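Taking it in order: structure first as structure tokens, then the write-up.
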Amino acid sequence: MATTSKARSRAASSTQTGRSNGRHSPEPRLATMGVEIQRFGSLRLQPIALPSEARTESCQLLNGILADTMVLYSLYKKHHWLVAGPTFYQLHLLFDKHAEEQNELVDQLAERVQSLGGIAVGDPRHAAELTTIERPPNGAEEVPAMIHRLLDAHETIIEKVRKAIKKTEKSEDWGSNDLLMGDVLRTNELQVWFVSSHVVDVPLISD
Ligand SMILES: [Fe+2]
């Protein structure tokens, strides 16, 4: 591998401080990047009395939902910024509230994968590879299209969550089962209600 300019400048810096080869040094010890100590999709030992087959299956299910949730969080943020029209302020605030709640789920899902001994999806580019939520255009859409897109994303997640609830019940992974049912499913269902209510054609006062 060719020596990078960053590596060369680190070496020069070490020379300037007169670093010896002894055990102690004032220099920060930077590691070589890109060396994996646990591969994505593999499992490490975790003494939680749950068979590795069950933990592997749960990690796969949770990571799929995690990737989608990261994308839905970003979709809410995009729409929080780009929304316009007479309902701007209301939707601007609602989309941000939902984004924060999805962000909380991202953390809970990722930490559950880590608790099971797996590796959580962390990089948004990795999430983009795994998600099945349709990519929106980079520009702005009309508000009903934004809402439709959010509802579609929620349904994609809810579908996966329902399947994962059944599978984690079968494998007796109650920790994941509880998270999926009590937090992920209920939050998504509640958000669907709030968002879908904005596209109901009901006048404030009847003619
Ligand atoms: Fe904001």
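Throughout, read-outs are computed from the coordinates displayed, never taken from laboratory work. Quantities reported herein were computed from a predicted structural model and do not represent experimental measurements. Positions of Cβ are backbone-derived with ideal geometry, glycine not excepted, and every protein chain shown enters the neighbour counts.
Here the Karplus relation 6.51 cos²θ - 1.76 cosθ + 1.60, evaluated at θ = phi - 60°, turns the backbone of region 23-28 into coupling constants of 6, 10, 7, x, 7, x Hz, with x for every Gly and Pro. Label sites at D96 and L45, each approximated as a point 7 angstrom past Cα along Cα to Cβ, lie 4.9 nm apart.
Against the chain, whose longest principal axis is taken from its Cα atoms, helix 186-196 shows a tilt of about 50°.
From the alpha carbon centroid of region 178-204 to that of region 91-157 is 15 Å. Taking 0.36 nm per residue of separation and subtracting the Cα-Cα distance, full extension of the segment from S197 to A140 would add 18.4 nm. 3J(HN,Hα) along region 65-76: 5, 4, 4, 5, 5, 5, 5, 5, 4, 5, 5, 5 Hz, from the Karplus curve 6.51 cos²θ - 1.76 cosθ + 1.60 with θ = phi - 60°, whole Hz, x for Gly and Pro. Counting lysine pairs in the chain whose alpha carbons fall under 26 angstrom apart, excluding pairs fewer than 8 residues apart on the same chain, gives 6. Taking the Cα centre of the chain as origin and assigning +1 to Lys and Arg Cβ atoms and -1 to Asp and Glu Cβ atoms, the resulting dipole is close to 1440 debye.
Of the residues I158, T187, N177, the one whose Cα sits farthest toward the positive end of the charge dipole of region 151-204, with +1 on the Cβ of Lys and Arg and -1 on the Cβ of Asp and Glu, is N177. Remark: region 111-116, residue by residue, has Karplus-estimated 3J(HN,Hα) of 6, 5, 4, 5, 5, 7 Hz, where x stands for each Gly or Pro and the curve is 6.51 cos²θ - 1.76 cosθ + 1.60 at θ = phi - 60°.
Please report, in whole Å³, the volume per residue of the convex hull around the C-alpha atoms of the chain. Write out the running numbers ahead of the final one.
Working: hull volume 39.9 nm³, N = 207.
Each residue corresponds to 193 Å³ of Cα convex hull volume.
Note on region 125-207: Kirkwood hydrodynamic radius from all Cα pairs is 15.0 Å, rounded to one decimal. Within the shell defined by Cβ-Cβ distances under 13 Å, the residues around T132 carry a net charge of -3, with Lys and Arg each +1 and Asp and Glu each -1.
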